[in-house]
Amino acid sequence: MTERPSLLFLPSIPALPIDGQNVRFPVGRIWCVGRNYAEHSREMGSDPERNPPFFFTKPADSVTTLAVLPFPPQTQKLHYEVELVVALNAGGANLTPEESQKLIYGYAVGLDMTRRDMQEEAKNNRHPWSLSKGFDNACPISAIRPASLIEGLEHSLLSLKVNGVVRQSGHISDMIWSIPEMISILSHSVTLRAGDLIMTGTPAGVSQVHAHDVLEASCENVGQLTVRYQ
């Protein structure tokens with residue numbers, strides 16, 4: 001008689017470092033806001049008016065803190081998108097913007113990496129974009145900086161350099177939808193939870209990444225992130 005292997009296992013929980021602390025922030029879900037900067041919306045062929053924001057997700061295990069990453073398979077058109085990341089330490093549903101602000105634990109800077117050719121093919125065929133956004137190491141994120149240590153966030157500059165050249169740059173105040181507004185809107189579709197991350201959109205300047213490129217992402221008062229592709 002052959003003994004069946006056990007199906008019980010304990011999956012590892014993705015987690016991010018926290019500035020100045022020995023504990024890590026366990027990542028639950030990753031919610032991404034699409035086209036939340038007017039100029040990026042225009043470069044992607046959309047109207048930048050304040051239409052309701054749309055959301056998509058990345059799997060929690062696409063988060064990485066590695067400084068050197070393998071170039072992902074199945075793409076000839078890997079694109080970067082630098083974003084401010086919001087980390088929640090409480091949840092709720094049907095929240096007002098004022099209530100949403102109270103859920104925020106801290107902020108980080110991250111990269112929403114996209115297999116753009118795969119995404120374009122999916123859009124053309126009316127298929128989901130899951131594999132274009134949710135592949136391995138698709139979400140490099142810096143250490144989380146607690147909100148209590150940050151002043152003047154809305155005036156902070158979010159930027160990305162590729163091989164030392166600035167390619168993306170925009171202030172947090174340039175967002176079409178503010179952080180409390182987008183959290184509130186999302187909370188009317190899902191019940192938010194502690195551990196959720198929200199990627200808040202990217203400024204204009206999105207373009208292609210090649211093997212051996214070095215990406216340096218930063219957000220004033222929040223942190224920085226450097227990634228090199230092999």
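Just checking: which of the strands (runs of 3 or more DSSP E) contained wholly in region 52-153 hold 1 or more residues that are closer than 21 Å to residue 220 by Cβ?
Counting at least 1 such residues, we get 82-88, 104-111.
Within region 108-119, is even one residue surrounded by 14 or more Cβ atoms within 10 Å (Cβ to Cβ), in contact (Cβ under 8 Å) with a residue 12 or more places away in the chain and out of contact with any strand residue (DSSP E or B) (no Cβ under 9 Å at 6 or more places or on another chain)?
Initially, region 108-119 is screened for residues surrounded by 14 or more Cβ atoms within 10 Å (Cβ to Cβ), giving 108-119.
Now narrow it down to the ones that are in contact (Cβ under 8 Å) with a residue 12 or more places away in the chain: 108-119.
From the residues that got through so far, the ones that are out of contact with any strand residue (DSSP E or B) (no Cβ under 9 Å at 6 or more places or on another chain) too are 118.
Yes, region 108-119 has at least one match.
What tally of residues in region 88-103 results from selecting those that are among the aliphatic types (A, V, I, L, M) and under 18 Å from residue 199 (Cβ atoms)? First the steps, then the outcome.
Taking region 88-103 first, the residues among the aliphatic types (A, V, I, L, M) are 88, 90, 93, 95, 103.
Then drop every residue that is not under 18 Å from residue 199 (Cβ atoms), which leaves 88, 103.
Of the residues in region 88-103, 2 are among the aliphatic types (A, V, I, L, M) and under 18 Å from residue 199 (Cβ atoms).
If residue 195 passes every condition in (1) in a loop (DSSP other than H, G, I, E, B); (2) within 26 Å of residue 70 (Cα to Cα); (3) not hydroxyl-bearing (Ser, Thr, Tyr) but one, which one does it miss?
Here residue 195 meets the rest and fails (2).
Please go through region 198-215 and pick out each residue that is assigned to a strand (DSSP E or B) and buried (at least 20 other Cβ atoms within 10 Å of the Cβ).
The answer is 198, 199, 209, 215.
For residue 196, are the conditions met, namely being charged (D, E, K, R), at pLDDT 95 or above and under 17 Å from residue 147 (Cβ atoms)?
Answer is yes for this residue.
Restrict the check to region 94-107 and report whether at least one residue is hydrophobic (A, V, I, L, M, F, W, C) and over 16 Å from the mean Cα position of the chain (by Cα).
Yes: region 94-107 contains one or more residues that are hydrophobic (A, V, I, L, M, F, W, C) and over 16 Å from the mean Cα position of the chain (by Cα).
Could you grab the pairs with beta carbons closer than 8 Å, sequence gap of 6+ or different chains, first residue in region 129-143 and on the phi > 0 side of the Ramachandran plot, second one surrounded by 16 or more Cβ atoms within 10 Å (Cβ to Cβ) and part of a helix (DSSP H, G or I)?
137/62
Which of the residues spanning region 56-71 are more than 16 Å from residue 28 (Cα to Cα) and open to solvent by less than 10 Å² (accessible area, probe 1.4 Å)?
69
Restricting the search to region 216-230, which residues are in contact with a strand residue (DSSP E or B) (Cβ under 7 Å, 6 or more places away or on another chain), assigned to a loop (DSSP other than H, G, I, E, B) and among the polar types (S, T, N, Q)?
Once the filter is applied, which keeps residues that are in contact with a strand residue (DSSP E or B) (Cβ under 7 Å, 6 or more places away or on another chain), assigned to a loop (DSSP other than H, G, I, E, B) and among the polar types (S, T, N, Q), region 216-230 yields only 230.
Would you pick out the residues in region 10-28 that are hydrophobic (A, V, I, L, M, F, W, C) and in a strand (DSSP E or B)?
Residues of region 10-28 that are hydrophobic (A, V, I, L, M, F, W, C), as a first pass: 10, 13, 15-16, 18, 23, 25, 27.
Passing the criteria: 15, 16, 18, 25.
Of everything in region 134-169 that's crowded, with 22+ Cβ neighbours inside 10 Å and touching a helix residue (DSSP H, G or I) at 6+ places or on another chain (Cβ under 8 Å), which residue is farthest from residue 209 (Cα to Cα)?
Only one residue tops the list, namely 158.
The values are calculated or read from the model by the stated rules, or taken from the named source; none is laboratory data. Here the structure is a predicted model, which is why all the values come from computation and not from measurement. Glycine gets a Cβ as well: all are built from the backbone with ideal geometry, and neighbour counts include every protein chain shown. The protein model used for the area step is the full one, side chains on, heavy atoms only, and it has no ligands, DNA or RNA in it. Shrake-Rupley method; radii C 1.70, N 1.55, O 1.52, S 1.80 Å.
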